[in-house]
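> Here it is, the structure in full.
The numbers here are math on the coordinates, done by the rules we state, and not lab data. Here the structure is a predicted model, which is why all the values come from computation and not from measurement. Reconstructed Cβ throughout: ideal geometry from the backbone, glycine too, with neighbour counts over all protein chains shown.
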Amino acid sequence: MRVSVVHQRGRRRRAGYARFLWGGAEVVVTLGVVLLLLVAHQLWWTNRQAKEGAERKVHALEREWEAEGEGEGEGEGETSAGEGGGRGVPPAGAGNDRSGSGEDRSGRGAPPRWDQAYAVLRIPRLGLRVPVAEGVGKAGVLNKGYVGHYPGTAQPGRVGNFALAGHRNTHGEPFRYLDRLRRGDRVQVETRAAVYTYVVDRTLPRTSPGDGGTIRAIPRSTVKPAYGYTAPAHYLTLTTCTPQYTSTYRLVVWGKLRSVRPR
């Protein structure tokens, strides 16, 4: 009889261990499924949603500009920015300021409203066409798949530094392949007034997120002073996170204004 009792207790213990292991396995599998769903949401759904929204905004801006341009005369053609970073480029501006884009007939006016999409960025090498909005907030700009304009930096075509930021991964990831840009590549910024063509000039492969010198009027890295400029010009700065899937460092691409074509 004692042997039978011992066997029953052993079976109960083994059954308890089996239930414990099975329960633990269920928890692990459930957590794995949840994590996979989160990854799919971040890497697939947010990209799809943001890209579709950004494309709709581009079409909306183009329709708005086309409607405003109906009945107006043809532009005066392309104006060369000359050598040395854009000396002699006329100020931005054509048409009134109905859209709040910061452009009026004098080339001046109120800046765009916060989170307002007011331009389209095109990078032929990357096949990129994306809205530019005022500010670099995540909820109102970057997570919508837009490229954000750093407040306080120059507007397109103005002397100074037109500085932009964009996601490299998730939420449309417009700057995912920013590292593929090479010296001489064209970058176009279209507003309701004109199309500004910049040409890539230099790249800073890695710097700290706090390197504010990269977006100053005369951009120059405060972390790596060998990268940057020393004279005023019409600059373009594109920034994003690096390496991919992290926000540890920043990748910076600089360009200079080459030409302006009125709409």
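> Scan the range 129-147 for residues that are within 13 Å of R168 (Cα to Cα) and touching a Leu at 6+ places or on another chain (Cβ under 8 Å) and jot them down.
Residue satisfying the conditions is V147 alone.
> Scan the range 216-243 for residues that are of a type in the set (S, T, Y) and in a loop (DSSP other than H, G, I, E, B) and report the count.
Number satisfying all stated conditions: 5.
> Every residue in the range 194-234 that is surrounded by 14 or more Cβ atoms within 10 Å (Cβ to Cβ) and among the hydrophobic types (A, V, I, L, M, F, W, C), please.
Within the range 194-234, A194, V195, V199, V200, L204, I215, A217, I218, V223, A233 qualify.
> Sticking with this structure for a sec: Among what's in the range 161-193 and is crowded, with 18+ Cβ neighbours inside 10 Å and among the small types (G, A, S), pick the residue that is nearest to R261 (Cα to Cα).
The selected residue is A193.
> Another question, if that's okay. Can you tell me which of R192, R186, R216 is more than 18 Å from R125 (Cβ to Cβ) and touching a helix residue (DSSP H, G or I) at 6+ places or on another chain (Cβ under 9 Å)?
So the residue among R192, R186, R216 that is more than 18 Å from R125 (Cβ to Cβ) and touching a helix residue (DSSP H, G or I) at 6+ places or on another chain (Cβ under 9 Å) is R192.
> Restricting the search to the range 206-263, which residues are of a type in the set (A, V, I, L, M) and touching a residue at least 40 places away in the same chain (Cβ under 8 Å)?
I215, A217, I218, A231, A233, L236, L238, L251, V252, V253, L257, V260, listed by residue number.
> Would you be able to tell me the number of residues in the range 129-143 that are among the aliphatic types (A, V, I, L, M) and surrounded by fewer than 18 Cβ atoms within 10 Å (Cβ to Cβ)?
Number satisfying all stated conditions: 1.
> A further question on this structure: Being in a strand (DSSP E or B) and farther than 28 Å from R183 by Cβ is the filter here, so list the residues in the range 134-155 that pass it.
Of everything in the range 134-155, just one residue is in a strand (DSSP E or B) and farther than 28 Å from R183 by Cβ, namely E134.
> Which of the following residues is among the hydrophobic types (A, V, I, L, M, F, W, C) and either on the phi > 0 side of the Ramachandran plot or in contact with a Pro (Cβ under 7 Å, 6 or more places away or on another chain) (or both): A194, A231, A226?
Answer to the selection: A194.
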